[in-house]
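Engineer: So that we are looking at the same thing, I have put the structure below in structure tokens.
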Amino acid sequence: MTLAPAARGPFPWTFVVPLAVAQLVSWGSLYYAFAVIVGPMSAEFAWSKTSVNAALSVGLAMTGLASYGVGRAIDLHGGRALMTAGSAAATILLFLWSRIDALWQLYAIWMAMGVAFSTVLYEPVFAVIARELKGDYRRGIVIITLVAGLASTVFIPLTHALVEGLGWRDALKVLALIQIPFGIVLHWVVLGRNASGAQRQPPAEPPPPGRMKAAMRSPIFWLLSTSYAAHSFMFTAVTFHILPLLAERGVTMAAAVAAYALVGPAQVAGRIVVFALERRIDVRAAGIVATTLPVLGIGALLLVTPGSPLLYVFAILYGGGMGIKTIVQATAAPEFLGREGYGALQGALSGLVYAVQATTPFLAAVIWSWGGGYGPVLWVLLGATVIAAVAFALAAALARPRS
């Protein structure tokens, strides 16, 4: 079993690349822009960072709740209507966000934004790719993650420049306008035709009855769920706590930012390696690498002291593992359990992942408070990476090769 079959026809670049661009814009303008907008918005209203960041947690929880239903709908009907509507909803919500004057309005908008996330971010487009590209779906997923992996690189400085030049409210309006051509129009036009360029075919036959029940009876499903959830806990805790964690260990802000700047390039490098070795590396091997690198990375982080080069070792290992893990998480379950009902299967798995992401910042803060510092947090993160690696290895060992 490899990440792509040996015999393949011409790759549908004109179908995949526009969807990859739409992902870059969706991730950049909806997810990563939040981190830039939070500061000036909180300052204007004198809201605490905790209360504002909780809106993102609420949104991610809503994404998790909606993921299974969205995946099931794409299995049955395709992604054109859902992904176009999701981009339209995101456009409206960005405009509404620019006009808020109360905290409850921010929470209401982000509850709705979480549902929009479930229709426009990775899981729905991966389901579309699996439905349309058939045997080439894994290559399509690799290309989409390569392009979308640049979202933070493009949109964090872009959003910052917009905020500096226009203010946060008008910056949100510009981001909303960007959604129109690169979200609404792209999804409607590209998904109006199939991957070969012909007019869109009638809806696919629904997955066999009991497909999800059969998958959920398999220990492989629960091992993958455990692996993904543990990995998500580690990733989210690092994202929200890495800077204060390093500051507590005596690392200067300049060194911390310089090291964390390596994470993005390391992610892209990991995905490039998978793309280059696509015909030679199977999903088992890719998954073992993706889950082992963070174990080594967090281990290096435990040993970091001021001026230590291990800080940069951590960033490279962590980023490389994250880059490969995105691809593995989109392909391991269908490879191990079968591709029938891809959208519903991935939606069920991602629902748990989003639930963990929504609660992790709070849980990590609780561990920090109880432990009197970030030392216990780091050991918990190391344990989470080990659980993710072991659970994936067991799932891979139980899985049978599928054509």
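Engineer: Any chance segment 361-374 includes a residue that's hydrophobic (A, V, I, L, M, F, W, C), surrounded by 17 or more Cβ atoms within 10 Å (Cβ to Cβ) and more than 23 Å from the chain's Cα centre (by Cα)? Show your work before the answer.
Structural biologist: Taking segment 361-374 first, the residues hydrophobic (A, V, I, L, M, F, W, C) are 362-368, 370.
Filter once more, keeping what is surrounded by 17 or more Cβ atoms within 10 Å (Cβ to Cβ): 364, 367-368.
Next, only the ones that are more than 23 Å from the chain's Cα centre (by Cα) stay: 367-368.
Yes - at least one qualifying residue is present in segment 361-374.
Engineer: When segment 138-188 is examined, which residues are found to be closer than 28 Å to Thr326 by Cα and without any contact (Cβ under 8 Å) to a residue 40 or more places away in the chain?
Structural biologist: Pro157, Pro181, Val185
Engineer: Also, I was wondering about something else. Of all helices (runs of 4 or more DSSP H) completely enclosed by segment 23-113, which ones contain at least 2 residues that are basic (Lys, Arg)? First the steps, then the outcome.
Structural biologist: Numbers: elements: 33-45, 49-77, 80-97.
Those helices (runs of 4 or more DSSP H) span 49-77.
Engineer: What residue, among those in segment 325-353 that are buried (at least 24 other Cβ atoms within 10 Å of the Cβ) and touching a Gly at 6+ places or on another chain (Cβ under 6 Å), is modelled with the highest pLDDT?
Structural biologist: Filtering first and then ranking leaves Val328.
Engineer: So the check is Cβ under 6 Å with 6+ separation or different chains; which pairs have a first residue in segment 252-273 that's without any contact (Cβ under 8 Å) to a residue 24 or more places away in the chain and aliphatic (A, V, I, L, M) and a second one that's in a helix (DSSP H, G or I) and surrounded by fewer than 19 Cβ atoms within 10 Å (Cβ to Cβ)?
Structural biologist: Listed pairs, sorted by first residue: none to list.
Engineer: Is it the case, given these coordinates, that Gly250 is assigned to a helix (DSSP H, G or I) and of a type outside the set (A, V, I, L, M)? First the steps, then the outcome.
Structural biologist: Numbers: assigned to a helix (DSSP H, G or I): no; of a type outside the set (A, V, I, L, M): yes.
Considered against the rule, which asks whether it is assigned to a helix (DSSP H, G or I) and of a type outside the set (A, V, I, L, M), Gly250 comes out as no.
Engineer: Looking at segment 249-291, which of the residues that are closer than 29 Å to Arg138 by Cβ and of a type in the set (S, T, N, Q) is modelled with the lowest pLDDT?
Structural biologist: Here is the first cut: in segment 249-291, the ones closer than 29 Å to Arg138 by Cβ are 262-291.
Next, only the ones that are of a type in the set (S, T, N, Q) stay: 267, 291.
Working: Gln267: 86, Thr291: 94.
By that ranking, first place goes to Gln267.
Engineer: Restricting attention to segment 159-170, does a residue exist that is among the small types (Gly, Ala, Ser), crowded, with 16+ Cβ neighbours inside 10 Å, in a helix (DSSP H, G or I) and not assigned by TED's automatic domain parsing to the domain that holds Val268? Please lay out each step first, then the result.
Structural biologist: Step one: of segment 159-170, the residues among the small types (Gly, Ala, Ser) are 161, 165, 167.
After this cut, where a residue has to be crowded, with 16+ Cβ neighbours inside 10 Å as well, the list is none.
Checked against the condition, which is being among the small types (Gly, Ala, Ser), crowded, with 16+ Cβ neighbours inside 10 Å, in a helix (DSSP H, G or I) and not assigned by TED's automatic domain parsing to the domain that holds Val268, segment 159-170 yields no hits at all.
Engineer: Count, please, the residues in segment 107-137 that happen to be without any contact (Cβ under 8 Å) to a residue 60 or more places away in the chain and of a type in the set (A, V, I, L, M, F, W, C).
Structural biologist: Result for segment 107-137: 6.
The values are calculated or read from the model by the stated rules, or taken from the named source; none is laboratory data. Please read these numbers as outputs of a predicted model, since none were measured by experiment. Note that each Cβ is placed from the backbone with ideal geometry, even for glycine, and that neighbours are counted across all protein chains shown.
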